[in-house]
1. How far apart, in nm, are two points set 7 Å out from the Cα along the Cα-to-Cβ line at Glu387 and at Ser49?
2. Report the chymotrypsin sites (Phe, Trp or Tyr not before Pro) located in segment 282-327 that are in a DSSP loop and have at most 13 other Cβ atoms inside 10 Å of their Cβ, or state none.
3. Mind checking the angle between helix 139-161 and the chain's longest principal axis? C-alpha axes, 0 to 90 degrees, to the nearest 10.
4. In degrees between 0 and 90, to the nearest 10, how far off the longest principal axis of the chain does helix 2-16 point, with axes built from Cα atoms?
5. Taking the chain, how much of its Cα-Cα pair set, in percent, is spaced more than 41 angstrom apart?
6. Expected output is a single nm value to one decimal: the length gained when fully extending between Lys249 and Glu304, i.e. 0.36 nm times separation in residues minus the C-alpha distance. What is it?
7. On the principal axes of its Cα set, how long, how wide and how thick is segment 414-554? Give whole Å, largest value first.
8. On a 0 to 90° scale, report how tilted helix 74-94 is relative to the longest principal axis of the chain, with both axes built from alpha carbons and the result rounded to the nearest 10.
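The values are calculated or read from the model by the stated rules, or taken from the named source; none is laboratory data. Since the structure is predicted, the reported quantities are computational estimates derived from the model, not experimental observations. As a convention, Cβ positions derive from the backbone with ideal geometry for all residues, glycine included, and neighbour counts pool all protein chains shown. These area figures cover heavy atoms from the full protein model, side chains too; ligands, DNA and RNA do not enter into them. Shrake-Rupley method; radii C 1.70, N 1.55, O 1.52, S 1.80 Å.
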Amino acid sequence: YKDDYTSRAIWVNTLSGGSEVNPFMSGYGVPVDLSLALHTDAGVAVTDSIIGTLAIHTTRSGGRNFLADGRSRYINRELCDIIQSSVVEDLRSVMDSSWSRRGMWDKSYFECREPEVPSMILELLSHQNLSDMRLALDPMFRFVVARAIYKGMLTFFKATKGDDFTVQPLPVKQFSAVNEGGYAKLRWSPTEDTLEDSAVPQGYVIYRRTVNPSEASDMMMRCPDRYYGFVREAYVTDTEYVSPEPLEKGKIYSYKVVAVNSGGASFPSEVLSVCAGEKGNALAINCFDRISAPEFYGVTDSLEGGFMPWVDRGVGYKRDISYAGDQMSFDKSDAYVDDDNPGFGASWNDFDTLVACGNTFDYTLMHAAVLSRAGYGFSSCSRDALEQVSSGEYRVLDVIGGKQKSGGRYRAVLGRDIMDAVTETVLRHGTIIMSGSYLLSDPAVKDDAELNHFIGNVLKINYLSTLSPSGVESVTGEAAFSALNTMPNRNFYSLENCDAVDGFGRDRILLRYSNHGPSACQMYEGKEYKVVVAGFPLEAMGYNHLYMTLSSVL
């Protein structure tokens, strides 16, 4: 146990030994700028308040109050103050205004006492306190914390070395990839960072992936590896781009955009697909932008609480290596005994080695493959770009709902913008395809009279119930049984609950939930237009099952 925490400081000194920052030790001569140890505490707040962030530094070591290069060890306190301030201020601005700043300790801990470079320990939060962990398991929290630490380091370098800095940009928004005149036309907008003025893009890198429709299924079922296959196509300073070569029929072109400046590169945009076809064009709207912690209960002054994976396991960002297992202790009085009996908040460890798939932001690929095989051209856009795309020009409108539901910073799949897009397609006698786990059961939808009127009178569908599915099967036998992932796994995000749907009028059932369950996918076929609504994400079936289900519709 001791070797674990002592080795980190020794490692820093071994790297920096012989450099200008640590000239009296032997080592590898790397001029290490600082050492930051990231920790979490244990402990439960009785009132369920946030325990928050503590910073620890050491100003005296071995009878000395200076570092090997002569600088005062009070520089450690300055590092602490800057990093802690950056983390707490950003968390209060973005995640929770009540995030707590616990203070700064000047104490003799090995990781901030022994290094001969500026060093600190950041006790970010309490991993045993529910109010802390309901945020800590949110991928957005992790992004904000990591970015705040990075910005704090840059601020420290400016304060101590005079180095000016530029912060890398945020990912772009309002992204669309449309087939325009046989070429791929991309449009997007930069995202303003309200917490950092320097994080402005200077340009954008366009990445492209080209596959045949038959390859889409394999790409979709290799979550940790599917981000490969992209090539850098162009660097532009504008927010529009047109492919230099026309779209070749029989190929699907997928694009992502990365904003760049002198400080670095942003996270990539979602991946959008486009292809050519002969039967007219289809437009996919990706409404699935959710990443979140699992569902939880018992935050406010309760005697028990925790996470409820049977309700919703949450959604990771692309892939998650931190998930160990479901929580097993929900009693806040359950005390820590030892590592085998850790008390409140303890979880099983049956998923210790799993790389779990989350939201890959790459779901237009399979839909493009299916529609391309049916002869359609294909365009796609993020939901926030919908107003820039004339949805009424398309014969097929494909609304990808995934595991999207309202709450916090996210909105339900069905909203006024989607209603308007569907109405435009209906007026052109087109086909609507819509799917998602919470399409009809989302509280923001169930409590909205106008949306319910639209669901019944335009989509010709009705919410029946919510259930935990094991799979879906074709009513006609055209598509074989397809298992759905209900547990964390490598290939696809887990589906804890899905909607059973009920149609009326001139409709037919395309899919049922397995074991003679209720309707999973209904089709309405009227004289003016057709609608297909599925109460689960259609792409969860896999390419072949999806094509067999929709081939008669398309």
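1. For Glu387 paired with Ser49, the spin-label model returns 4.1 nm.
2. Working: sites: Phe288, Phe296, Tyr297, Phe307, Trp310, Tyr317, Tyr323; in loops: Phe288, Trp310, Tyr323.
Passing both the DSSP loop test and the Cβ count: Trp310.
3. Roughly 40 degrees between the two axes.
4. Between helix and principal axis, roughly 80 degrees.
5. Working: 48380 of 153181 pairs.
Cα-Cα pairs in the chain separated by more than 41 Å: 32 percent.
6. On the way: separation 55, 0.36 × 55 = 19.80 nm, distance 5.82 nm.
Length gained between Lys249 and Glu304: 14.0 nm.
7. Sorted largest first, the three principal extents are 39, 32, 25 Å.
8. For helix 74-94, the angle is close to 20 degrees.
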